[in-house]
Structures are given as structure tokens and as C-alpha cells.
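Mind having a look at this structure? Questions to follow.
The values are calculated or read from the model by the stated rules, or taken from the named source; none is laboratory data. Treat the numbers as computed from the prediction; the structure is a model and nothing was measured. Neighbour counts run over all protein chains shown; Cβ positions are idealised from the backbone, glycine included.
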Amino acid sequence: MLQQSRPAGEFIAGMRTIFPLIVAVLPIGLVFGAVAATKGLSPLETTLMSAFVFAGGSQFVAMDIWTHPASWIGVGFAALLVNIRHVLMSASIGTKMQSFSSVKRYIAMLFLADELWAMAEFRAGSTRLTPAWYAGIVMPFYLTWVGSSLAGALLGAFLGDPAVIGLDFAFPAVFVVLVMGFWKGPETGAVLAASAVASVAVHHFVPGVWYIAAGALAGLVTALWQGRAKEQAV
């Protein structure tokens, strides 16, 4: 009986863990829905995009370059650039999913998001990851994102410009909190500084969303350089 109740307990523990971020992602979903409505997407189209794409960053980028008719190649390439970071995130968290079967691990990666990855990494630092706990953070987060996108699309006309009421700040605020959770001193600061400089420079001189890939690459190179410097020092 104890073995049967343990997965349920881990699922509830996962829900408790992700609750603060659910509160934070709610306004982000509302903003996306409102933006999508201004681009001419219906509430159904907005909801389906959030349900099947489930990638806030690339969805916002897609809305930035959305036209009628939409350039599917351009939108798809932009989404690829934005989500290329998932390769590194999957490689990192995948090594900590020893209790997942191959099928469960594949399904888990389909629902990987920045916030979920961060919470899973924090969890893996103190105890092992389990499918039940991971499902506990994924399910409410996913449903909140899809539901808030629909609400934003329906209420877009009433919300008006998200910047006026400060809803647009919710996105960067969440990422600031996540980054600070991984803060390890000057080394982390160097990685962030390299990413920021590279992304701002590329954004200024190169059109499109290449600045996202540039920032990620600069941060990765800096982290690798720091790792090699430590090895040589030893």
C-alpha cells in the first residue's frame, strides 16, 4: 500500500514545487494570448499553438514576425533558433533520469520548458528524479500555459497594451529568478555577461533572431573556457 501511495505523494510534491512559477506564468500566457489576438489569430488557433508548440519564447518570436499569410519557413527557422537551447537542456537533465524508462524519458523531453528544466535540475541536486514528481510539475504548468493563452486571446481587447499595466515584465522577471537560482559567483556572472554582450551586439548589427543563438553560444564558450582553465590549474 505504501508503494502505491508513494507516486501520488511525489506527484503532489511536484505540484507544490511548481506552484510559485504557475503564478508567474499566468500573466505571461495572458500576454501571449493578447498579442496573438492582435495578430489576427482566433482563440482556437492561439490555444492550439500553445498546446502543440508549448514554447513561450519561440511563440512570442513567432508573433513578432507573424504576417498574413504567415511565412512558415521564417517562423519555423526562428523557432528552431530560439529552441536550440533545448538540446543542451535535454542533455543535462537526461543524465539525471535514471528512474525513467526510455518511453517516459522521451515523453518528458516533449514537455521540457525552461522553468521545468530548472526545477528538475534543483530537484536532482538533492534527490533522484522520478516520473511521478516530474509529471507533478509538468501537468499544472502545461494546463496553466494553455488556459491562460486562451484567456488572453478572449480578453485581448480588454487587456489592451500589456506594457501599460506591466504584464510584459513577467517574462524577464521569471528568468531573472531562475538565473539567480543557479548563481555560483563570478563564474556565473562571466557567463551571463558574455551572453548579454554577444546577444546585444548581434541584435544591433544582424537582423532576425540570430542574437538568441549568439548569446547562447557565447555563454557556452565562456563556460567551456572556464572549465578548461580549472582543469589546467589543477
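If you check T67 against the conditions, is it outside the structural domain of P207 (by TED's automatic domain parsing), modelled with pLDDT under 80 and more than 20 Å from A124 (Cα to Cα)?
yes
If a residue must be under 13 Å from the mean Cα position of the chain (by Cα) and at pLDDT below 75, how many such residues does region 70-81 contain?
Count: 0.
Is there a residue being under 20 Å from R128 (Cα atoms), loosely packed, with under 14 Cβ neighbours inside 10 Å and out of contact with any Pro (no Cβ under 8 Å at 6 or more places or on another chain) anywhere in region 48-68?
no
Only one of (1) assigned to a helix (DSSP H, G or I); (2) touching a Phe, Trp or Tyr at 6+ places or on another chain (Cβ under 9 Å) fails for V61. Which number is that?
It fails just one condition, (2).
Another question, then. Filter region 134-150 for residues that are touching a Ser or Thr at 6+ places or on another chain (Cβ under 9 Å) and among the small types (G, A, S); which is nearest to I107 (Cα to Cα)?
Across region 134-150, the extreme among qualifying residues is G136.
Pairs only if they're at least six apart or on different chains, beta carbon under 9 angstrom, first in region 198-212 and touching a residue at least 40 places away in the same chain (Cβ under 8 Å), second assigned to a loop (DSSP other than H, G, I, E, B) and among the aliphatic types (A, V, I, L, M); list them, first residue then second.
Close Cβ pairs (under 9 Å, with a partner that is assigned to a loop (DSSP other than H, G, I, E, B) and among the aliphatic types (A, V, I, L, M)) amount to G208/I65; V209/I65; I212/I84.
May I ask you to say which residue of M97, M49, M109 is touching a residue at least 12 places away in the same chain (Cβ under 8 Å), in a loop (DSSP other than H, G, I, E, B) and either closer than 16 Å to A153 by Cα or out of contact with any Cys (no Cβ under 6 Å at 6 or more places or on another chain) (or both)?
Step by step, each of M97, M49, M109 is checked, and only M97 is touching a residue at least 12 places away in the same chain (Cβ under 8 Å), in a loop (DSSP other than H, G, I, E, B) and either closer than 16 Å to A153 by Cα or out of contact with any Cys (no Cβ under 6 Å at 6 or more places or on another chain) (or both).
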